[in-house]
Amino acid sequence: MRTLKYAILGLINRETMTGYDLMKVFNMELVNFWYARHSQIYPELKKLTDEGLITYEILPEDEKLRKKIYSITEKGRQEFHNWVLQQDLLEPTPKDIFRLKAYFIESLSHDEILAHFHYQLTQRQEKLHKLKHNMTVLLDTKDISKIQSPEYGDYIVLKSAIKREKSYIEWLCECIEEVSTNTRIY
């Protein structure tokens, strides 16, 4: 299944967008649970156009530059809606390089273990801080009272990302304490 196809259809279903606009949304809003590279988005836009799921209008910007504004077709809207309605099986656990390295913890010295966990903790705390900031901005600038709105969707996904990071931080803190005291907490 081309999940990127449906992510793009969903975004264009919300509003017309250029390829650049799509990249910004992937890099700023969807990055906490889904990502796509520039090299994936533009070929997918071509496929969606060829399939009749989206269309575009070319707008001139200046003498040399033109931009394509993509919009969803009725066929695309229906296909997107059918996809959203599908019940999904649980996905495999996402890859996590740090946890894979932690699995082989016996290869590190005590100090290396602590340094590794503290570094990861700092990274996760910074990420949590950014997510909380994004939540504050969202709550201050958007009306999330309507459940069937893009703003509410942004809110619940951001809420999930915050909970995920809090849980990861809690796990890291427990590991650091266990390594520091040589005592299991579980």
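What are the residue pairs meeting all of these: first residue in segment 119-130, first residue within 19 Å of residue 33 (Cβ to Cβ), second residue open to solvent by less than 70 Å² (accessible area, probe 1.4 Å) and of a type in the set (Phe, Trp, Tyr), Cβ atoms under 8 Å, and 6 or more apart or on different chains? Sorted first by the residue in segment 119-130, then by its partner, the pairs are 124/168.
Determine whether residue 46 is open to solvent by 100 Å² or more (accessible area, probe 1.4 Å) and in contact with a helix residue (DSSP H, G or I) (Cβ under 8 Å, 6 or more places away or on another chain). When the stated conditions are applied, residue 46 does not pass them.
So, of the residues in segment 49-77 that are acidic (Asp, Glu) and modelled with pLDDT of 90 or more, which turns out to be least open to solvent (accessible area, probe 1.4 Å)?
Taking segment 49-77 as the starting set, the residues that turn out to be acidic (Asp, Glu) are 50-51, 57, 61-63, 74.
From what's left, modelled with pLDDT of 90 or more: 50-51, 57, 74.
On the way: 50: 110, 51: 61, 57: 112, 74: 120 Å².
Going through the qualifying residues, I end up with 51.
Restricting attention to segment 121-159, which residues are open to solvent by less than 70 Å² (accessible area, probe 1.4 Å) and hydroxyl-bearing (Ser, Thr, Tyr)?
Initial filter on segment 121-159 (open to solvent by less than 70 Å² (accessible area, probe 1.4 Å)): 121-122, 124, 128, 131, 134-135, 137-138, 144, 149-155, 157-158.
Passing the criteria: 122, 149, 152, 155.
Taking the criterion of being without any contact (Cβ under 8 Å) to a residue 40 or more places away in the chain and either surrounded by fewer than 15 Cβ atoms within 10 Å (Cβ to Cβ) or in contact with a Ser or Thr (Cβ under 6 Å, 6 or more places away or on another chain) (or both), the residues of segment 14-39 that qualify are 15, 24, 27, 28, 31, 34, 35, 37, 38, 39.
Out of 107, 149, 145, I need the residue that is at pLDDT 90 or above and not assigned by the TED database to the domain that holds residue 12. Which one?
On the way: 149 fails: at pLDDT 90 or above; 145 fails: at pLDDT 90 or above.
Checking each option against the conditions leaves just 107.
Residues considered: 84, 31. Of these, the only one that is outside any strand (DSSP E or B) and under 28 Å from residue 128 (Cα atoms) is 31.
The values are calculated or read from the model by the stated rules, or taken from the named source; none is laboratory data. Note that the structure is a prediction, hence the values are computed from the model and not measured. Cβ coordinates were reconstructed from backbone atoms using ideal geometry, including for glycine residues, and neighbour counts include every protein chain displayed. The accessibility values were calculated without ligands, DNA or RNA, using every heavy atom of the protein model including side chains. Shrake-Rupley method; radii C 1.70, N 1.55, O 1.52, S 1.80 Å.
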